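Engineer: First, the structure itself, so that you have it in front of you.
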């Protein structure tokens, strides 16, 4: 049963401008890792922000389990959907423990703080991302890969069933790209629904269950990785000739000719 | 799970207590600590030392505590919200706006003293909003270091200060009532105003404490805070309002004394962190201690002359201001490297 649904969603930055997200209807399957791919400016991040309600939709709707997601208030939305922006800023001197505790904010009452259940969840979140025992470390003293895991721990502490991530492996070296994506993929086994904006098609095929390929604000293809990442689709959306082949049951996508890709 | 820094809080409380006792004990005449404590706990109306402690020094000390707590918390919140190390009530126009409105109210509209608190709050709000407005007019509001914000605040503070001074100087018969207040002075006679306005400061600080957690989230950025469940606009404006109300009530009492709001958050942050739930109480404590010591210094360093506390504070603050500018603005590598 599909969980998160966009119906004919259209978003423009100015009333007269060309829509950045243009009548997108898409369903993100429950408990699956869906990758959003497409060239720069195709509307991937904008779609995520529109789902979060940061950008007003000029038409269309976003439903979670058949109920509208917008207009329920920030707190209620945060209990259902978590979001990791592309760039994250942490003030100096904030510790990992404080970061994770703030992640659970939506569940706290005005004068109360985290309870027993919350604290257990924090420990679990830190253990899941492999940062247990580091709660007293300042976030800004962590390495790049550790910091990205810290942000994911904060999101896990939020305990939402749907998690949207905007380029979660940006700026990371290959090792950490694999580690973070493996971690994100493992979350689907806990029943989380993952939607992540990714750039690398090989990383996408290695880790995602489904791919939504976008071009010019529209969804071009939405299916499993092998159906979506094809030479035809890559030609049409990314504008280069690709060799797409299966090796050891895994899809690999590389440019056919190194001199062929022109800017 | 979380770093509970009770030792740091305890140290802060000890510092305040020590500063308070020193403030009460030293001055034109030194009074030994036993007399100070006895004056507070078992007041003897016939004892001159007791009289000095309770009617001259204690009022000043209470004003200093109020001033330090409100200004330091205001500075911590503004620095967090603007992500700017130089932000503080004195620099973003709140102090000078409050001062301007008090002077205009008293000299032009003949407002009675009870209404000066209201005038101060309206003026504080006017000062801050006009500072944001001028920043937007420069078209540099996206400038990452927020230089435009700081410069607008500095320019407007000077403007409002000079207008207020001009109004005062234009009526020689009444200016003496306000001249010393306008340069930022803690005086034991101002304790009546403390009685009138203390609850405004308490209200503001209480609101900030209630909002401590969402306010901390807002310092991470709008989208981050909103996605965690914070109503960002509401939290931002309520807390800015709370800062303006508490800071302006302090200005209404003892005039615009600024630098404690700039300096204290920088002293406190390395010890208790940037989470407001602990940073606010710590700022209140250390801000109070700094004002108590500045007041003590103003009374004793140039004895028998008594300096205005505001002038003493500017002396200290100017130095710290230069250090902060050097650390955050003149060495571009420092902040990037610490990311």
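Engineer: Which count do you get for residues in segment B:87-104 that are farther than 20 Å from residue B:294 by Cβ and in contact (Cβ under 8 Å) with a residue 60 or more places away in the chain?
Structural biologist: Step one: list which residues in segment B:87-104 are farther than 20 Å from residue B:294 by Cβ, which gives B:87, B:92-93, B:97, B:100-104.
So of that shortlist, the ones also in contact (Cβ under 8 Å) with a residue 60 or more places away in the chain come out as B:87, B:92-93, B:97, B:100, B:102-104.
Final tally of qualifying residues: 8.
Engineer: Can I ask one more? Restricting segment B:220-241 to residues that are touching a residue at least 40 places away in the same chain (Cβ under 8 Å) and surrounded by 18 or more Cβ atoms within 10 Å (Cβ to Cβ), which is farthest from the other protein chains (Cβ to nearest Cβ)?
Structural biologist: Of all residues in segment B:220-241, those touching a residue at least 40 places away in the same chain (Cβ under 8 Å) come to B:236, B:239-241.
Pick out the ones that are also surrounded by 18 or more Cβ atoms within 10 Å (Cβ to Cβ) and you get B:236, B:239-240.
Details: B:236: 13, B:239: 14, B:240: 18 Å.
Filtering segment B:220-241 for residues that are touching a residue at least 40 places away in the same chain (Cβ under 8 Å) and surrounded by 18 or more Cβ atoms within 10 Å (Cβ to Cβ), the one farthest from the other protein chains (Cβ to nearest Cβ) comes out as B:240.
Engineer: Please state which one of B:281, B:265, B:214 is outside any loop (DSSP other than H, G, I, E, B), under 20 Å from the mean Cα position of the chain (by Cα) and within 14 Å of another protein chain (Cβ to nearest Cβ).
Structural biologist: So the residue among B:281, B:265, B:214 that is outside any loop (DSSP other than H, G, I, E, B), under 20 Å from the mean Cα position of the chain (by Cα) and within 14 Å of another protein chain (Cβ to nearest Cβ) is B:265.
Engineer: Looking only at segment A:78-95, which residues are within 14 Å of residue A:148 (Cβ to Cβ), out of contact with any strand residue (DSSP E or B) (no Cβ under 9 Å at 6 or more places or on another chain) and touching a residue at least 60 places away in the same chain (Cβ under 8 Å)?
Structural biologist: Result: A:88, single match.
Engineer: In addition: Do we have residue A:111 as without any contact (Cβ under 8 Å) to a residue 60 or more places away in the chain, farther than 30 Å from residue B:271 by Cβ and surrounded by fewer than 23 Cβ atoms within 10 Å (Cβ to Cβ) here? Break it down stepwise before answering.
Structural biologist: Numbers: without any contact (Cβ under 8 Å) to a residue 60 or more places away in the chain: yes; farther than 30 Å from residue B:271 by Cβ: no; surrounded by fewer than 23 Cβ atoms within 10 Å (Cβ to Cβ): yes.
Here the answer is no, as residue A:111 does not meet what is asked.
Engineer: Here are some conditions: (1) under 28 Å from residue B:76 (Cα atoms); (2) touching a residue at least 24 places away in the same chain (Cβ under 8 Å); (3) surrounded by fewer than 20 Cβ atoms within 10 Å (Cβ to Cβ). Residue A:179 meets all but one. Which one does it not meet?
Structural biologist: (1)
Engineer: Looking only at segment A:223-257, count how many residues are assigned to a strand (DSSP E or B) and crowded, with 19+ Cβ neighbours inside 10 Å.
Structural biologist: Number satisfying all stated conditions: 3.
Engineer: Is there a residue in segment B:142-164 that is at pLDDT 90 or above, within 14 Å of chain A (Cβ to nearest Cβ) and not in a helix (DSSP H, G or I)?
Structural biologist: Within segment B:142-164, not a single residue is at pLDDT 90 or above, within 14 Å of chain A (Cβ to nearest Cβ) and not in a helix (DSSP H, G or I).
Engineer: Counting only residues that are within 13 Å of chain A (Cβ to nearest Cβ) and part of a helix (DSSP H, G or I), which one in segment B:188-211 is nearest to residue A:80 (Cα to Cα)?
Structural biologist: B:210
Engineer: Hey, another quick one. If a residue must be surrounded by 16 or more Cβ atoms within 10 Å (Cβ to Cβ) and part of a strand (DSSP E or B), how many such residues does segment A:8-22 contain?
Structural biologist: Matching residues across segment A:8-22 total 5.
Engineer: Going through segment A:94-119 one residue at a time, which ones are at the interface with chain B (Cβ under 7 Å from one of its Cβ atoms), under 25 Å from residue A:168 (Cβ atoms) and outside any helix (DSSP H, G or I)?
Structural biologist: A:94, A:95
Engineer: Where in segment B:18-96 are there helices (runs of 4 or more DSSP H), lying wholly inside it, with at least 2 residues that are closer than 23 Å to residue B:197 by Cβ and touching a helix residue (DSSP H, G or I) at 6+ places or on another chain (Cβ under 7 Å)?
Structural biologist: B:58-82
Engineer: Okay, next question. Could you please find all residues in segment A:44-60 being more than 8 Å from every other protein chain (Cβ to nearest Cβ) and within 22 Å of residue A:184 (Cβ to Cβ)?
Structural biologist: Within segment A:44-60, A:44, A:45, A:46, A:47, A:48, A:50, A:51 meet the criteria.
Engineer: What is the residue count in segment A:61-76 for residues that are closer than 23 Å to residue A:11 by Cβ and within 7 Å of another protein chain (Cβ to nearest Cβ)?
Structural biologist: Residues meeting the conditions: 1.
Engineer: Another question, then. Mind checking which residues of segment A:57-93 are assigned to a helix (DSSP H, G or I) and touching a helix residue (DSSP H, G or I) at 6+ places or on another chain (Cβ under 7 Å)?
Structural biologist: A:74, A:75, A:78, A:79
Engineer: For residues that are farther than 18 Å from residue A:158 by Cβ and at pLDDT 90 or above, tally how many sit in segment A:69-85.
Structural biologist: 0
The values are calculated or read from the model by the stated rules, or taken from the named source; none is laboratory data. Bear in mind that the values here come from a model prediction, so they are computed numbers and not experimental data. Here Cβ is always computed from backbone atoms with ideal geometry, including for glycine, and neighbour counts include all displayed protein chains.
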